Amino acid sequence: MTRIYTSDRGAAAVRERYRQILSRWPVPMEQLRIDTRHGATFVVASGPAGAPPLVLLHGSGANAATWSADIASWATRFRVYAVDLLGEAGGSDPVRLPLDSDDIASWLDDVLDGLHIDEASFVGMSLGGWTALDYAVRRPSRVTRLSLLCPGGIGRQTMGWLPKVMLLKMFGTRGRRRTVSLVTGLDDARHSSILDEVVLVFEHFRPRTEKLPIFSDDDLRGLPMPVQLIVGDRDAMMDSAETARRVSALVPSSVVTVLPDTGHAILGQTAAVLEFSVSTRKA
């Protein structure tokens, strides 16, 4: 098992904050635990039981709380499953699977099977975007449509922000907050509560540090489903211009949006994702 927190006290603090957020979930929901061959997986399910399935995959150091501002809208049209990735700051087991193997896809196979889902639409953010895209490449018959928000694995990971982060670490809590603001592109004036949550997690959480594998041109060309890509033009972590260029040029059925004056954290796209998800069908 991977030790993903710096201490038991820190892990308890992050889990307690997560419980508080789930207690304020804006729509009725079920908390599910799905056993898989790689570890138990926590899922928050919302929306009508008979509606088409929509699977949500969050980013690094996050959990289903990522989608709390979106869920009320999406759950009107879908049975929404917010899945906590293994090895991240949620309710799933602290297991980190290799990124260069079929293990993550086989884990998602088990999650879908445990939820009695043959195929679904997927929404993924950052690491969750990479995970959703990896699954679409390896299991295209199980992905009907794919929304990617600031995904990894398409454009290069950029490292120019790292020296600034190392310097800011010298300034304690204030430095951590500036670090989070720098990496996400969020500012205190508009996103103070979100920054509070992220700072708390990364005070105690050890994120994955390896680079995400880059998908090949053939991988992208082979995607049979409609793909929506939304990136920010000021992403400090990914080369969003390269990501947008490759998807536009290579993915047969794609809709690409580059948001101006936006960093790595993609917020406020609830309506855009819903419109894409309900208006497209598998090619």
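The values are calculated or read from the model by the stated rules, or taken from the named source; none is laboratory data. Note that the structure is predicted; figures quoted are calculated from it, not measured. Glycine gets a Cβ as well: all are built from the backbone with ideal geometry, and neighbour counts include every protein chain shown. Keep in mind that these areas ignore ligands, DNA and RNA; they rest on the heavy atoms of the full protein, side chains included. Shrake-Rupley method; radii C 1.70, N 1.55, O 1.52, S 1.80 Å.
Here are some notes:
- Scope the range 247-281; condition among the polar types (S, T, N, Q) and either on the phi > 0 side of the Ramachandran plot or over 16 Å from the mean Cα position of the chain (by Cα) (or both); matching residues: SER248, SER253, SER254, THR257, THR262, SER277, SER279, THR280
- The range 76-86, subset over 16 Å from ARG33 (Cβ atoms) and in contact (Cβ under 8 Å) with a residue 40 or more places away in the chain, residue surrounded by the most Cβ atoms within 10 Å (Cβ to Cβ): PHE78
- Selection of strands (runs of 3 or more DSSP E) fully inside the range 1-101 by the criterion of at least 2 residues being within 14 Å of THR131 (Cβ to Cβ) returns 53-57, 79-83.
- Checked against the criterion of being in contact with a Pro (Cβ under 7 Å, 6 or more places away or on another chain), open to solvent by less than 20 Å² (accessible area, probe 1.4 Å) and over 21 Å from ARG145 (Cβ atoms), the candidates GLY61, GLY39 yield just one match: GLY61.
- Residue, nearest to GLY61 (Cα to Cα), within the range 13-32, restricted to residues that are in contact with a strand residue (DSSP E or B) (Cβ under 8 Å, 6 or more places away or on another chain) and surrounded by 13 or more Cβ atoms within 10 Å (Cβ to Cβ): VAL14
- Hey, ARG96 over 17 Å from the mean Cα position of the chain (by Cα) and modelled with pLDDT of 95 or more or not: no
- Test: residue in the range 94-105 that is open to solvent by less than 10 Å² (accessible area, probe 1.4 Å) and either farther than 19 Å from ARG206 by Cβ or not β-branched (Val, Ile, Thr) (or both): yes
- Residue within the range 247-264 that is among the aliphatic types (A, V, I, L, M), crowded, with 19+ Cβ neighbours inside 10 Å, out of contact with any helix residue (DSSP H, G or I) (no Cβ under 8 Å at 6 or more places or on another chain) and closer than 27 Å to TRP74 by Cα present: yes
- Residue check for ALA89: closer than 30 Å to VAL180 by Cβ and open to solvent by less than 20 Å² (accessible area, probe 1.4 Å): yes
- Whenever a residue of the range 114-127 is in contact (Cβ under 8 Å) with a residue 24 or more places away in the chain, its partners that are open to solvent by 10 Å² or more (accessible area, probe 1.4 Å) and part of a helix (DSSP H, G or I), lying with C-beta atoms within less than 6 angstrom and at least six residues away or across chains, give the pairs GLU119/ARG142.
- Condition check for LEU148: modelled with pLDDT under 85, closer than 20 Å to ALA62 by Cβ and surrounded by 12 or more Cβ atoms within 10 Å (Cβ to Cβ): no
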